[in-house]
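Trainee: So that we are looking at the same thing, I have put the structure below in C-alpha cells.
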Amino acid sequence: MDTFVIEGGRRLYGRVRINGSKNAALPMMAVPLLTDAPVTLRDVPDLADIRNMIRLLGQLGCARTNEADNAKGVCAFHVTDPTQSHARYDIVRTMRASICTLGPMLAKRGEARVSLPGGCAIGERPVDLHLRGLAALGAKITLDGGDIIAKAPEGGLVGSTIFLGGTFGSTVLGTANVMSAATLARGTTIIESAACEPEIVDLANLLIEMGAKIKGAGSPRIIIEGVRELGGADYTVMADRIEAGTFIMAAAITNGDLTLENCPVDALLAPIYFLNAAGVHVQPIESLHTAIAGTPRPRSSTLTVTNGAGPTTTGDDPMRRTVRVTCDRVLRPVEITTQPHPGFPTDLQAQLMSLLCLADGNSVITERIFPDRFLHVAELSRMGAKLMRQGSTVIISGVRKLVGAPVMASDLRASAGLILAGMAAEGTTVVNRVYHLDRGYERMEDRLRMLGASIRRVDEKELSPSEAACAS
Ligand code: EPU
C-alpha cells in the first residue's frame with residue numbers, strides 16, 4: 001500500500017493549473033447513456049473514480065471510443081449495447097457516483113438495475129431522495145438482492161413536480177440523477193429544493209448542448225421540459241473548485257505564494273470570504289499578465305467578497321481565472337458551518353481544519369452536511385493539534401506548531417487535510433493509505449513537489465527503518 005513521506009516546513013512557491021472537476025465529470029459521464037449519439041468530455045481528470053466509472057460504463061454497453069488516442073483528459077463515449085442495464089456491486093461499492101447511471105438508463109432504456117451503494121467513511125449516505133425523485137417521474141422501484149430495480153411506465157417517464165429536499169438539505173447527485181432522467185420524460189418536471197452546486201449547472205449545460213430544455217440550474221427550482229431524444233456533444237468539464245480550494249489552503253498553511261491557473265473563483269466565494277477573514281489573500285491576476293511568482297507583481301486587485309456583494313475581479317471567465325494566493329504571517333481564527341452551495345463546502349472542511357490548527361486563537365467548525373465527517377480529528381491531534389469535538393462541532397484551539405507523526409488517511413478530503421498539516425509540521429509525517437487521495441487528486445505529490453514541498457510516494461514495504469518506525 002502506498003504512503004506519503006512528508007518533510008514539513010517548506011514554503012510552497014510557483015504556479016499550478018487546476019484540473020477538471022471530479023465531481024462534475026462523474027455525473028456527466030452517465031449522460032452518454034441518454035443518447036444514441038457520441039458524447040466527448042474534455043479536461044476529465046485522471047483519477048481512480050473516473051477509471052472506475054469508465055469500467056462501469058463499459059459494463060453498461062457504453063464504450064469509451066478514444067482509449068487508444070491517449071489524449072490527455074479527453075473521454076469519448078458511444079453506446080454500443082443498450083441491453084446491458086445492470087450496474088453491479090463490484091464497481092458500485094468502490095464509487096458512490098455509480099448511482100448516477102440509474103436515472104439516465106431508466107429514462108432511455110425504460111429500466112435499470114443498480115446495486116445499492118453501501119455506507120462510507122464520511123457517513124451513512126442513503127439514496128432515498130434519488131429514488132423518491134425517480135418514483136415521482138412514474139418509475140416503479142423495488143429492491144432485490146441489494147440491487148435497486150427501476151422500471152419506467154409504459155410510454156416512458158412522465159414529468160412531475162418533485163420536492164427533493166431532505167434532512168440535510170438538497171442532494172447533489174440526487175438532483176443530477178432526477179434532472180438527467182427528466183430530460184427525456186413526457187411533459188414538464190419541476191425540481192424544488194434542487195442542489196445549487198456549480199457541478200449541477202455544468203451538468204445542465206452539457207445536457208442543454210445535447211438538446212435538453214432546462215431552466216433554473218444553479219437555483220433551488222429547476223424546470224425541465226422533456227424532449228423526445230438528445231443528440232451528442234463535445235463539452236469541457238468545469239475546473240475543480242475543491243482542488244482549487246485545497247491548493248489555496250496549501251499555500252496558506254506553508255506561508256507560501258502560489259499562482260493558480262484555471263481557478264473557478266466564482267464557485268469559491270464562501271471559502272474565499274472565510275479564508276480572507278483568516279488572513280489568506282486570493283488576488284485575481286489579469287490573464288495577459290500571468291507573471292511567474294517572484295517577478296514583479298502584476299496588476300492585481302484583492303478579491304474581496306463581502307456579504308451581499310460580488311467579488312471585484314479582473315480578467316475573463318470567472319470560472320477559469322488566474323489568481324495569486326498569499327497569506328498574513330499570523331492567521332486569525334474563524335467560525336464556519338458547512339452548508340450546501342453557496343455556503344462553505346463540506347469537501348473543504350478537513351483542509352480548513354488543518355489550517356485553523358495554526359491560527360492565533362479559537363476557531364469553530366460545524367459540519368451540517370455529513371455530521372460524522374471528522375475522522376481527521378484524531379489524526380490531527382496526533383500531530384499536536386488541540387481539538388475538541390462535540391457532536392457535529394469541533395473547537396480548534398490554535399497551536400504554535402504541528403509536529404510530524406504517522407497518520408492514517410480515512411477518506412479523500414481527510415487525506416488532503418493531513419497532507420496540508422504534514423507540509424506545515426516540524427519533522428516527518430507519514431500519511432498511510434493514500435489510495436483515498438488518489439480518488440480525487442491527480443498526481444498530487446508530483447504537483448506539490450514541483451511547488452517546493454518535500455513529499456514522496458513510497459510503498460509501505462520500502463519505507464526506511466526510521467520512516468517505518470514513524471509509520472507503524
Ligand atoms: N442524503 C440523503 N438522502 C439522499 C441523498 C443524500 O439523506 O438520497 C443526505 C446525505 O447523507 C448528506 C446530504 O444529503 O447528508 C447531502 O448529500 P449529497 O447527496 O448532496 O451528496 P452526494 O451527492 O452523494 C456529492 C459529492 C460529495 C460531496 C457532497 C456534498 C460527488 C461524486 N460527490 O455527494 O463529494 O461531499 O455532494 O457536497 O459529487 C468528495 O468529493 O470528497 C465528496 C464526498
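The values are calculated or read from the model by the stated rules, or taken from the named source; none is laboratory data. This structure is a prediction, so every number in the text was calculated from the model and none was measured. Every residue, glycine as well, gets a Cβ built from its backbone with ideal geometry; the counts of neighbours run over all protein chains shown. The protein model used for the area step is the full one, side chains on, heavy atoms only, and it has no ligands, DNA or RNA in it. Shrake-Rupley method; radii C 1.70, N 1.55, O 1.52, S 1.80 Å.
Trainee: Scan segment 60-102 residue by residue and report those that are more than 16 Å from the ligand (Cβ to nearest atom) and in contact (Cβ under 8 Å) with a residue 60 or more places away in the chain.
Mentor: HIS86
Trainee: Pairs needed: first member in segment 398-414, outside any loop (DSSP other than H, G, I, E, B); second member anywhere, of a type in the set (S, T, N, Q) and surrounded by fewer than 19 Cβ atoms within 10 Å (Cβ to Cβ); C-beta distance under 9 Å; at least 6 residues apart or different chains.
Mentor: PRO406/SER472
Trainee: Does segment 178-194 include one or more residues that are over 19 Å from the mean Cα position of the chain (by Cα), away from the ligand (no atom under 13 Å from the Cβ) and on the phi > 0 side of the Ramachandran plot?
Mentor: yes
Trainee: Right, something else. Does segment 362-382 contain any residue that is open to solvent by less than 10 Å² (accessible area, probe 1.4 Å), under 18 Å from the mean Cα position of the chain (by Cα) and among the hydroxyl-bearing types (Ser, Thr, Tyr)?
Mentor: Scanning segment 362-382 turns up no residue that is open to solvent by less than 10 Å² (accessible area, probe 1.4 Å), under 18 Å from the mean Cα position of the chain (by Cα) and among the hydroxyl-bearing types (Ser, Thr, Tyr).
Trainee: Report, by residue number, each residue of segment 159-173 that is hydroxyl-bearing (Ser, Thr, Tyr), surrounded by 15 or more Cβ atoms within 10 Å (Cβ to Cβ) and within 9 Å of the ligand (Cβ to nearest atom).
Mentor: Result: SER170, THR171.
Trainee: So which of ALA24, ALA68, ALA63 ends up being open to solvent by 60 Å² or more (accessible area, probe 1.4 Å), more than 29 Å from ASN255 (Cβ to Cβ) and among the small types (Gly, Ala, Ser)?
Mentor: Only one candidate qualifies: ALA68.
Trainee: Still on this model: Under the condition of being farther than 18 Å from LYS386 by Cα and among the hydrophobic types (A, V, I, L, M, F, W, C), which residue from segment 315-361 is most open to solvent (accessible area, probe 1.4 Å)?
Mentor: MET319
Trainee: Identify, please: which residue in segment 104-144 is part of a strand (DSSP E or B) and surrounded by fewer than 17 Cβ atoms within 10 Å (Cβ to Cβ) and is, among those, nearest to the ligand (Cβ to nearest atom)?
Mentor: GLY123
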